[in-house]
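> Got a structure here, written out as structure tokens. Questions coming.
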Amino acid sequence: MYQVKGKWALITGAARGIGYLTAKFMAEQGCNLILHSRSLAHTEKVLKEVRALGAEARAVAADLNDPDAVEKMLKEIDGFDVEVAIVLNNAGLQIAYRSDYCQTPVSDYEISFRVNTIAPAMICYHFLPKMMARGTGRILNTTSGIALDVCQAGYSASKAALDKITIDLGSRVQGTDVMINLTDPGWCRTDLGGQHAPNAPESAIPGIVVGVFCDDRKSGRYLGAQHFAGMTLEQAVQKAEAEFDSPYGA
């Protein structure tokens with residue numbers, strides 16, 4: 001199992017919901033954290049909590065809807081002079097639900113793609129070459145199981161595009177100790193998922209991060225967190241490595 005103790009992880013959208021739970025779980029495993037949110041004030045609580053768990057932690061802020069802000073954040077992280085071994089692109093935005101879906105405005109696509117596709121792609125392109133040069137690293141991009149829902153077209157399309165980017169990048173590192181995979185918390189009762197969702201946010205742990213801990217050199221996989229609900233981390237890793245294969249063939 002991939003060892004995270006003492007390694008640095010970047011988690012986007014770490015101030016609440018699945019990102020907040022992920023930050024605390026990774027801190028419990030001994031991981032050091034760079035926690036992103038739109039405002040530094042938003043991460044004050046989680047910073048205090050993960051530091052109490054023994055993690056070193058820093059906070060960065062950026063509006064993922066602004067590529068210039070993302071670039072500025074990445075330069076700030078470089079200035080921390082730490083090796084980012086793990087990237088968890090957790091942050092996402094569901095812009096609107098359009099009952100009159102044929103009136104979906106262009107802005108739904110523009111905002112959704114900037115936040116859900118372009119920002120995580122920029123983050124991948126920044127850190128993946130560094131991981132490849134070191135010969136090790138983990139990236140998990142958070143996707144969605146949303147399908148056949150024309151009322152959330154911008155969100156759905158942006159996640160499908162992120163899937164494509166992740167799988168294509170994964171083909172370049174397949175068979176190495178640099179692994180890039182997809183993760184999906186399932187429909188959970190968060191600010192994004194709403195209060196009518198069937199799953200508690202806690203059900204996404206440990207499955208939401210199981211791809212970090214896998215050590216089988218396989219990329220491009222879809223690792224839905226609800227497949228691992230109720231398991232220990234060790235059980236989840238064993239299941240992921242045994243039952244979830246890369247999409248690239250022999």
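> How much of the DSSP beta bridge set in the stretch 1-130 is antiparallel, as a percent to the nearest 5?
Taking every DSSP beta bridge with both residues in the stretch 1-130, the antiparallel ones total about 0 percent.
> Here's something else I'd like to know. Which percent of the accessible area of the stretch 85-244 is formed by carbon and sulfur heavy atoms (probe 1.4 angstrom)?
54 percent
> Let me ask something else. Ranked highest first by the average count of other Cβ atoms within 10 Å around their residues, in what order do 147-157, 56-66 fall?
For the peptides 147-157, 56-66, the packing ranking is 56-66, 147-157.
> A follow-up question, please. Alpha carbon centre of the stretch 24-41 versus the stretch 113-130: separation in Å?
If you average the Cα positions of each part, the centres end up 18 Å apart.
> Can you bin the stretch 86-195 into rounded, prolate or oblate? Criterion: square roots of the alpha carbon gyration tensor eigenvalues sorted a ≥ b ≥ c, rounded for a/c under 1.5, prolate for a/b above b/c, oblate for the rest.
prolate
> Next question. Quote to one decimal, in nm, the extra length available between VAL106 and ALA52 on full extension: 0.36 nm per residue of separation minus the C-alpha distance between them.
Contour length minus Cα-Cα distance gives 15.0 nm.
> Here is a follow-up. Tell me the relative contact order for the chain as a rounded percent, counting alpha carbon contacts under 8 Å between residues six or more apart.
In percent, rounded to a whole number, it is 17.
> What FRET efficiency comes out for ALA147 versus GLU202 if R0 is 25 angstrom and r is the Cβ-Cβ distance? Round to the nearest 0.05.
0.50
> Same structure again: Which pairs, out of LYS75/LYS239; LYS164/LYS218; LYS24/LYS239, put more than 26 Å between their alpha-carbon atoms?
Distance filter (> 26 Å) returns LYS75/LYS239.
> Shifting gears a bit: Let me know the shape class of the chain, please: from the alpha-carbon gyration tensor, a ≥ b ≥ c as square roots of the eigenvalues, rounded when a/c is under 1.5, otherwise prolate if a/b is greater than b/c, or oblate.
Rounded is the answer for the chain, as its axis ratio a/c remains below 1.5.
> Shifting gears a bit: Taking only complete DSSP H runs, can you tell me which helices of the chain stretch 20 Å or more along their own long axis by Cα positions and average at least -1.0 on the Kyte-Doolittle scale?
Span-like helices in the chain: 119-134, 153-173.
> Quick check on the stretch 139-246: take the gyration tensor over C-alpha atoms, sort the square-rooted eigenvalues as a ≥ b ≥ c, and tell me if it's rounded (a/c under 1.5), prolate or oblate.
oblate
> Under a Cβ-Cβ cut-off of 12 Å, what is the net charge of the residues other than GLU56 that fall near it, where Lys and Arg count +1 and Asp and Glu count -1?
+4
> Kindly report the accessible area of the stretch 1-133 per residue (heavy atoms of protein chains, probe 1.4 Å, no ligands, DNA or RNA), in Å².
Per residue, the stretch 1-133 has an accessible area of 48 Å².
The values are calculated or read from the model by the stated rules, or taken from the named source; none is laboratory data. Worth saying up front: this structure is predicted, and the values here are computed from it rather than measured. Every residue, glycine as well, gets a Cβ built from its backbone with ideal geometry; the counts of neighbours run over all protein chains shown. Side chains included, ligands, DNA and RNA excluded: accessible areas come from the protein's heavy atoms. Shrake-Rupley method; radii C 1.70, N 1.55, O 1.52, S 1.80 Å.
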